[in-house]
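A.B. asks: What follows is a structure written as structure tokens; I'll ask about it next.
Every read-out reported here was derived from the displayed coordinates using simple, explicitly stated rules and does not represent laboratory data. Small disclaimer: the values here were computed from a predicted structure and weren't measured. All Cβ positions, glycine included, derive from the backbone under ideal geometry; neighbour counts span all protein chains shown.
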Amino acid sequence: MKRIKAIYPGSFDPPTNGHLDLIERGSKIFDELVVAILRNPEKDPLFSVADRRKMLEAMTSGFDNVSVDTFEGLTVDYALRVEATTILRGIRAISDYEYELQMALMNRKLQPGLETVFMMPAEKYSYLSSRLVREVAQLGGSIACLVPELVEQKLREKIDVAHKFDNGEPAAGKTPSEGKSKSRKKKS
Ligand code: PNS
């Protein structure tokens, strides 16, 4: 019988309950699902790839057919390398559609054998994005119920370190410049 292996590529900075919802849905329709974190040297993420990987591994440990990996370069090249035939992406609202359609069609142009499958997360996550989670957390708002507890804890740790530096108080094991680099207020 034909087995379907899919990849779910993204930045996951940080992973949210919306991502987890999509992973759960994907795990039910694909035989194998690889959550693939893009290693993008041009971006200045809040969390390192290693941190994001650890968080996603913990979040997905209950799914037998889900694994976590990282990749650099084109998503389609990565998909071919791991012998996946499908790319899973989430669409939360109509505003996501244009960008996702563009990406799916470009990926199809690059690699006609790969299909993109769109799934919708639960409505309660339709407004949720990693960017907003970072922003709300950095400005002191509650992110409970938007991210798993371990992600919330990691975010709080990051923000506490940044605030200590903002107050001129060096955090243990860090130089002031490291602290400043984590105190950005907003990232796209
Ligand atoms: O979570 P994101 O940031 O919306 O994920 C975007 C991602 C990683 C799926 C996209 O930027 C991507 O596929 N990047 C890898 C480079 C690539 O393949 N670019 C061409 C896409 S058409």
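A.B. asks: Taking only DSSP H segments of four or more residues, each worth -39500 (n - 2.57), what value at 222 nm results for the chain once the sum is divided by all its residues, to the nearest 500 deg cm²/dmol?
C.D. replies: Working: 7 runs with 81 residues, N = 188.
Estimated from H runs of four or more residues: -13000 deg cm²/dmol.
A.B. asks: Can you give me the distance in nm between label points at LEU80 and ASP51, each placed 7 Å from the Cα along the Cα-to-Cβ direction?
C.D. replies: For the pair LEU80/ASP51, the computed spacing is 3.5 nm.
A.B. asks: Sort the following peptides by mean Cβ neighbour count (other Cβ atoms within 10 Å, averaged over residues), highest first: 110-123, 44-57. Mind dumping the intermediate values first?
C.D. replies: Working: 110-123: 14.4, 44-57: 18.1.
Those peptides, ordered most packed to least, come out 44-57, 110-123.
A.B. asks: Can you tell me, using C-alpha contacts under 8 Å and at least 6 residues apart, the relative contact order of the chain as a whole percent?
C.D. replies: Value for the chain: 24 percent.
A.B. asks: With +1 on each Lys and Arg Cβ and -1 on each Asp and Glu Cβ, and nothing else charged, work out how big the dipole of the chain is about its Cα centre, in Debye to the nearest 20.
C.D. replies: Rounded to the nearest 20 debye, it is 300 debye.
A.B. asks: A further question on this structure: Between VAL68 and residues 5 or more places away or on another chain, which pairs have amide H atoms under 5 Å apart, with H built 1.01 Å from N, and which residues are they?
C.D. replies: Long-range HN contacts for VAL68: VAL35.
A.B. asks: Report D for the chain in µm² per second (integer): Stokes-Einstein, Kirkwood Rh on Cα pairs, 4 °C, 1.567 mPa s.
C.D. replies: So the translational diffusion coefficient is about 74 µm²/s.
A.B. asks: Another question, then. At a 10 Å Cβ-Cβ cut-off, how would you order ARG3, ARG25, fewest neighbours first? Before the final figure, lay out each step's value.
C.D. replies: Values: ARG3 9, ARG25 17.
In order of increasing Cβ crowding within 10 Å: ARG3, ARG25.
A.B. asks: Next up: Place +1 on the Cβ of every Lys and Arg and -1 on the Cβ of every Asp and Glu in the stretch 82-165, take the dipole about the Cα centre, and give the residue among ALA144, LEU101, PHE118 whose Cα lies farthest towards its positive end.
C.D. replies: ALA144
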